[in-house]
Amino acid sequence: ANKLQSDFESIASHELKTPLASIGAYAEALYGHADVPEVPERREFLGVIRHENDRLLRMVNRILDFSQVEFGNRNLNRRTMKLQDVLDDTLHALAPQSMARHQRFEIDFPVEVPPVEIDPDLVKQVLVNLVGNAIKYGPDGGRIMIEGRERATSVEVSVRDEGPGIPESEVENIFRQFYRVKHEGDDLPEGSGLGLTIVRNIIEMHGGRIEVDGGEGTGATFR
């Protein structure tokens, strides 16, 4: 608990402070021109405020999701349903992000893949995280490949992108709390570093498991 609290304070002091500082600065600029009817930068400033507000809200929600799943405060509301339906709902929600980067989804999910007993909201959260990461780390104009297969005693779903992949030395760390992969020459990516921890915990709550092929240089695959 002490370690988790220390990690939380560290991520909060850095990640939450940045968007708050931007919101404050641009709000102050607008406030300073409140009596000026025409400020050319008004729309730009409001756009930054909205963007940073949305980013802050995503981080706070991610931390709240993490605490609920990590400490067992979220009960499974299981329903028997097809994973294809959850996937369709997920891709519809993420379509604006993929379209903005001219990326396309390639889906190989046979209709004969049987229904499974899942909490659809939590499983959608898993898919939103995995597909969202594929959009974020994949190249403009790239493909995001999603496959579904029936195995002997389970249903397997894989999400693959065409991004830089994950260095072999970092693969074993990616499910750790607050850990974020940093590629050589790049800044530390935006985010809380909790998404994949939440994904792993949700999958394990369902009695499943998750594995990753880092695919350094060719694109990561989460399965």
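The values are calculated or read from the model by the stated rules, or taken from the named source; none is laboratory data. Values in this document were obtained by computation on a predicted structure and should not be read as measured data. Please note: Cβ atoms are built from the backbone with ideal geometry, for glycine as well, and neighbour counts cover all protein chains shown. Heavy atoms of the whole protein, side chains included, go into the accessibility calculation; ligands, DNA and RNA do not. Shrake-Rupley method; radii C 1.70, N 1.55, O 1.52, S 1.80 Å.
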- Task: Would you mind computing, in nm to one decimal, how far apart the modelled labels at Phe175 and Asn77 are, each placed 7 Å from Cα along Cα→Cβ?
- Result: 2.6
- Counting only residues 5 or more apart in sequence or on a different chain, those whose built amide H sits under 5 Å from that of Glu216 are Ile166
- Heavy-atom SASA rank of His92, His206 (probe 1.4 Å, accessible area, largest first): His92, His206
- Message: Can you give me the solvent accessible area of Asp88 with a 1.4 Å probe, rounded to the nearest 10 Å²?
- Response: 100
- Task: Give the ranking of Met205, Met145, Met99 by solvent-accessible surface, highest area first, calculated with a 1.4 Å probe.
- Result: Met99, Met205, Met145
